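Shown next, in structure tokens, is the structure this report addresses.
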Amino acid sequence: MDDVSTPECREFLKQDVDAVYEWSVANKLPISIAKCIVFHYGRNNIKQAYTINQQEINESGNCLDLGIRRCDNMKYMSTMQETRSEEHTSELQ
């Protein structure tokens, strides 16, 4: 699913998240909800809240996904500046 702009699509996504949680419980592989985030992007995003086991998942305006920092405003300039800043900090250490 690549679009959750309709209530039906958001409900399907919620059901998928619930199914993953139920699978993790059944297989004794607990999900660390504190490590999960909801990443909203797009100009018209309604910022739907999502839950796992009735606990709300934290939201974030940016995330690191497979080594690539993503921002909710989809402007990568701030991402590149942050990366350069991190590199500079690590060089100083």
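Mind checking whether some residue in segment 45-56 is over 18 Å from Arg10 (Cβ atoms) and open to solvent by less than 50 Å² (accessible area, probe 1.4 Å)? Among the residues of segment 45-56, not one is over 18 Å from Arg10 (Cβ atoms) and open to solvent by less than 50 Å² (accessible area, probe 1.4 Å), which makes the answer no.
Close Cβ contacts (under 8 Å, 6 or more residues apart or on different chains) running from residues in segment 1-21 that are part of a helix (DSSP H, G or I) to residues that are exposed (fewer than 14 other Cβ atoms within 10 Å of the Cβ) comprise Cys9/Met1; Cys9/Asp3; Phe12/Met1; Leu13/Met1; Asp16/Met1; Tyr21/Asn53. In this structure, is Lys35 under 28 Å from Asn73 (Cβ atoms) and open to solvent by 80 Å² or more (accessible area, probe 1.4 Å)? Yes: the conditions hold for Lys35. Listed by first and then second residue, the pairs with beta-carbon distance under 6 Å, at least 6 apart or on different chains, first residue in segment 57-70 and farther than 11 Å from Tyr41 by Cβ, second assigned to a loop (DSSP other than H, G, I, E, B) and modelled with pLDDT of 75 or more, are Ile57/Cys36; Ile57/Tyr50.
The values are calculated or read from the model by the stated rules, or taken from the named source; none is laboratory data. Just so it is clear, the structure is predicted and the values come from calculations on it, not from any experiment. Counting neighbours? That spans all protein chains shown, and the Cβs are built from the backbone with ideal geometry, glycine included. Only protein heavy atoms, including side chains, enter the accessible area calculation; ligands, DNA and RNA are left aside. Shrake-Rupley method; radii C 1.70, N 1.55, O 1.52, S 1.80 Å.
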